[in-house]
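Colleague: Handing you a structure now.
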Amino acid sequence: MVDTPTADTPREPDITHINPAAGETWFGHPRQLARLFTTEMWERFGYYGMRALLTLYLTKHFVFGDREATGLYGGYTALVYLTPLVGGYLADQYLGSKRAVKFGAIIMAMGYLLLCFGGETAKPYATIANQRYEIQVVEQADSEVRYLVDGANKLKIKGNDDGTVSLLAADGSTARTVAKGGFESGAERSSFYVTIMLLALCMISVGNGFFKPNISTMVGELYAQGDKRRDAGFTIFYMGINLGSLFSQLLCPFLAVAFGWWAGFGLAAIGMLFSWTLIQFDGGKLNGYGEPPVRSGPDRALGIYALALLGIPIFYLLFVNLMNAEPPVPGSGIIGYIVSLSLMGKLLFGTFLVAVPGILIWSFVNGERREFQMMLAAMVLIVFNVVFWTLFEQAGSSLTLFADRNTDLSVFGLFSISAGQTQFFNAFFIVALAPVMSILWTKLAAKGIEPSIPVKFGIALIGVGVGFLFLVWGASMVGPTFKVAIWWLAGLYFIHSFAELCISPVGLSMITKLSIARVVGLMMGVWFLSISVAQYVAGIVAQVASVETVGGQVTNLKVSLDTYAGVFWTIGLVSAGIGVLLLLISPLIKKWMHGVQ
């Protein structure tokens, strides 16, 4: 999960006159850390609980196809990591971190509550030779079966390995075979409730932009410059993030299955409301932290809040454009691919492709040779960072759908978990591995053999690739059910969690140390932009793994398994290869870093 609060903010206020060691402490840290820890924990409880449900909600409730659902998921997460650029700037200049966090928390809570109103499940249908047929979904034992209604006949839908579709009569005989590409599935869904869902995603994106960067800034304010407890304090804060996500990714999917989607999203909203309550009613415990900067003239807070709310319909239009984007014409090449991108994709890629070389050119012209090389090292690592998060963030899209369709979710034959709950593995392994990795790096540092930052990035890329290859290995040994045991998926998340701990805690800190002081804020923005681009590309990669569905259900598990295995094999090899390349050039990058650790 992309949460890297372990960096010093470049715009921290001067609090060197404050001794945070004075007064009450919490595990040796300023007492206020406990409240900020809990506030962040409940916010992440809501965010990751909702994230565990989103792709499944889109495919099962609204019955979107895989391409639409994963594309929408990628666009949403891209905005989630793009909006902090604006929210952090507005807090620095006008609002102060505390007011920004309060505003963001209440907007996000309202967004989660809005997701509870999804209306009736969309009604699937099929189109064959320009004729439309009703699709009925029948519960049978632990599965759902799709039937095509043709007059008085109900024909069971069976996808074949060659892409054709067989319609089976009650006695199991083939009543009709539809040629490959001749069976088109769709769904009747309420445009009103789709709009409600999209507006909810817009509100969460806007709210996150105000909350996410500024809660971390407040943690930084607890420590005076040079306070050696700072890194440990951020580590404790990071644990709060993972504790919140750990429990929500178990509870929200459980409630969604047991009572309905509204219950899962409702619990996420309750968690977010807890977070807002803790920061809104702090009893004066946070006085002096996150306060607005001293500025002349009237307070502009209300105007900023109003402009932020205007961002909701703008984001809505971006989502609509994203959903209506047509796939590139086969054979059109890279130009055709770029033209086919949604407006959101063009904005993200265009900004990133201009910012990276533009800043490097500025650094070459205005900086010293040493400064330029350090900036070059930062930019190279930023590009590799895009690759890592693009593949790692398959967790919420293609890997969740793989869990739903091609994973035996039984645990030791005693009980089963839902597909959404499998995202819990990442948070669990992060909590379990973080202390171990911390001790490992410390011991290696004491011996003078701790890997450099570029090497850690390379290990992370190799790790995320090996995780996918491990899952493909499991897929090669499935039986007639075409489902892998849940432990293969857990193994992937174990490897990915190890990889995440090699790259996530050092990212922002690395940027602040390598950047020229005059543009450190801009470089922080480029770092977050790289993550946003990665989220969008992750949606595109998940679209490549799209499988033909009817009413949200695949019609041939062998075809879906082969599709996922093929995509995971490819991206696993590509990621591992790029990681090896980074290891090979890491001595050069380390040289450019001029001793930065």
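The values are calculated or read from the model by the stated rules, or taken from the named source; none is laboratory data. Predicted model, so just to flag it, every value in this text is computed and none were measured. Glycine gets a Cβ as well: all are built from the backbone with ideal geometry, and neighbour counts include every protein chain shown. The area values use the complete protein model at the heavy-atom level, side chains included, leaving out ligands, DNA and RNA. Shrake-Rupley method; radii C 1.70, N 1.55, O 1.52, S 1.80 Å.
Colleague: Of a type in the set (A, V, I, L, M, F, W, C), assigned to a helix (DSSP H, G or I) and open to solvent by 20 Å² or more (accessible area, probe 1.4 Å): which single residue out of Phe388, Phe402, Phe372, Phe392 fits that description?
Modeller: Of Phe388, Phe402, Phe372, Phe392, the one residue that is of a type in the set (A, V, I, L, M, F, W, C), assigned to a helix (DSSP H, G or I) and open to solvent by 20 Å² or more (accessible area, probe 1.4 Å) is Phe372.
Colleague: Only one of these conditions is not met by Leu381: (1) open to solvent by less than 20 Å² (accessible area, probe 1.4 Å); (2) at pLDDT below 90. Which number is it?
Modeller: With respect to (1) open to solvent by less than 20 Å² (accessible area, probe 1.4 Å); (2) at pLDDT below 90, Leu381 is out only on (2).
Colleague: Continuing with the same structure: Find the residue count for region 266-289, including only residues that are closer than 16 Å to Asn214 by Cα and β-branched (Val, Ile, Thr).
Modeller: 1
Colleague: Counting just the residues of region 190-232 that are in contact with a strand residue (DSSP E or B) (Cβ under 8 Å, 6 or more places away or on another chain) and open to solvent by 20 Å² or more (accessible area, probe 1.4 Å), which one comes out farthest from Tyr147 (Cα to Cα)?
Modeller: Across region 190-232, the extreme among qualifying residues is Arg229.
Colleague: Just to check your reading of the model, which residue among Gln140, Gln136 is open to solvent by less than 90 Å² (accessible area, probe 1.4 Å), of a type in the set (S, T, N, Q) and within 20 Å of Thr177 (Cα to Cα)?
Modeller: From the options Gln140, Gln136, the qualifying one is Gln136.
Colleague: Residues that are over 32 Å from the mean Cα position of the chain (by Cα): list the strands (runs of 3 or more DSSP E) wholly contained in region 131-246 that include at least 3 such residues.
Modeller: 131-140, 143-150, 153-159, 165-168, 174-178
Yes/no per residue for (1) surrounded by 15 or more Cβ atoms within 10 Å (Cβ to Cβ); (2) within 20 Å of Gly104 (Cβ to Cβ); (3) within 24 Å of the chain's Cα centre (by Cα); (4) at pLDDT below 95:
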| site | (1), (2), (3), (4) |
| --- | --- |
| Ala258 | no, no, no, yes |
| Leu267 | yes, yes, yes, no |
| Leu273 | yes, yes, yes, no |
| Asp282 | yes, yes, no, yes |
| Gly290 | yes, yes, no, yes |
| Ser296 | no, no, no, yes |
| Gly303 | no, yes, no, yes |
| Met323 | yes, no, yes, yes |
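Colleague: Can you find a residue that is buried (at least 23 other Cβ atoms within 10 Å of the Cβ), in contact (Cβ under 8 Å) with a residue 24 or more places away in the chain, over 17 Å from Ser575 (Cα atoms) and in contact with a helix residue (DSSP H, G or I) (Cβ under 8 Å, 6 or more places away or on another chain) anywhere in region 468-481?
Modeller: no
Colleague: Return the total of residues in region 59-109 being closer than 24 Å to Gly119 by Cα and acidic (Asp, Glu).
Modeller: So the count comes out to 2.
Colleague: Continuing with the same structure: State which residue is least open to solvent (accessible area, probe 1.4 Å) when the search covers only region 440-451 and only residues that are in a helix (DSSP H, G or I) and modelled with pLDDT of 85 or more.
Modeller: Residue satisfying both the conditions and the ranking: Leu444.
Colleague: On to the next question. Taking the stated definitions as given, is Ser560 under 24 Å from Gly458 (Cβ atoms), among the polar types (S, T, N, Q) and either surrounded by fewer than 23 Cβ atoms within 10 Å (Cβ to Cβ) or in contact (Cβ under 8 Å) with a residue 40 or more places away in the chain (or both)?
Modeller: no
Colleague: Oh, and also: Of the residues Gly151, Gly163, Gly119, which is at pLDDT below 90, open to solvent by 30 Å² or more (accessible area, probe 1.4 Å), of a type in the set (Gly, Ala, Ser) and in contact with a Lys or Arg (Cβ under 9 Å, 6 or more places away or on another chain)?
Modeller: None of the others qualify; the one that does is Gly163.
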